[in-house]
1. Please list the radius of gyration and Dmax for the chain, considering alpha-carbon atoms only, with Å as the unit.
2. Could you please rank 238, 243, placing first whichever residue has the fewest other Cβ atoms within 10 Å of its Cβ?
3. Subtracting the Cα-Cα distance from 0.36 nm times the residue separation, let me have the gained length for residue 41 to residue 282 in nm, one decimal.
4. What shape does region 50-159 have by the C-alpha gyration tensor, where a ≥ b ≥ c are the square roots of the eigenvalues, rounded means a/c under 1.5, and otherwise prolate means a/b greater than b/c and oblate the rest?
5. Based solely on C-alpha atoms, express the radius of gyration and the Dmax of region 276-317 in angstrom.
6. How much of the DSSP bridge set in region 148-306 is antiparallel, in percent, rounded to the nearest 5?
7. Label points 7 Å out from Cα along the Cβ direction at residue 150 and residue 91: separation in nm?
8. Go ahead and run the numbers for FRET between residue 98 and residue 127, Cβ-Cβ distance against an R0 of 22 Å, rounding to 0.05.
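Since every read-out is calculated from the coordinates, none of them should be taken as a lab result. Just so you know, these numbers come straight off a predicted model, no measurement behind them. Cβ sites come from the backbone with ideal geometry, for glycine too, and all protein chains shown count toward neighbours.
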Ligand SMILES: Cc1ncc(COP(=O)(O)O)c(C=O)c1O
């Protein structure tokens, strides 16, 4: 444990001691790139965020294939030509978690443009710069804070718009998109909010800086469509499928900013944020100002699935040790970041 300047105490982060890099495992300390790498200057990366949950049968990666497929899709959009396959990336992620012995963690695969030190190229044209693919993992708690899952968060509508579809495609999970997310997030934090909601270039509700958004309106659940410049969220897809199972109608539709203020309930979804209720927008109370009943029902089903207690609508959990019996006790990992490094990673 260590203290921050503001007096709060944050736990150290546990991280996987290895990083998978271009087909082999290397030590955390050896997973480095040249400062003149293309990605540092021009933002040329695509990445994923995947959670691995603790279950009675040990660690299980949540919707692994869907995440890795989205990574490959993002790479394709950005004309990143490579030989990494879906199966190879899935196997690598599972092996990384297995080696780390962590019972739960957040997995970060990334493909990016580096520097060929024998034939350096420094222009915007990315083609001469070799690609690298890495996967790292660390234990990440609740993204918007421990209390947020129950009590909800206070958010604002950002003065920044989401990316326009024909400038930076929101469909690709590209590192550069997150400069827009950072503007949204920083503005929200500086103004005392936990998160910001961006509108699209037409003024329709899009998404949070790192989350999709759901409205509860009467008996129905509404969510912005892909045409509102959102990331096609995998948690969003989970919620749509869970609602179907619970008999709740879900409608994908364009939504005005004002619809946020009069919603019965609002919640964010995302791999990091999971299912987080929103209790106010721009200081306007949403519903009763706490977690709503429909949100609680959906959240409960979601968390029951992630920990393996409720059957998923599909093949959503990839067990890291498939032969592990249900009664086995979780094991603890020992690898811990030094204080300063832990703080900088945790601040993301
Ligand atoms: C901008 C943005 N929208 C939505 C999401 C939610 O996507 P997912 O549920 O696949 O994590 C994320 C998180 O990855 C995100 O960064």
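1. Gyration radius and largest Cα-Cα distance of the chain: 20.1, 62 Å.
2. Ranked by crowding around the Cβ, least crowded first: 243, 238.
3. 83.2 nm
4. Working: a/c = 2.43, a/b = 1.46, b/c = 1.67.
It comes out oblate by the Cα gyration axes.
5. Using the Cα atoms of region 276-317, the pair Rg, Dmax is 13.7, 40 Å.
6. Details: 19 of 29 bridges.
Bridges in region 148-306 that DSSP calls antiparallel: roughly 65 percent.
7. Calculated label separation equals 4.4 nm.
8. Numbers: r = 36 Å, r/R0 = 1.63.
It comes to 0.05.
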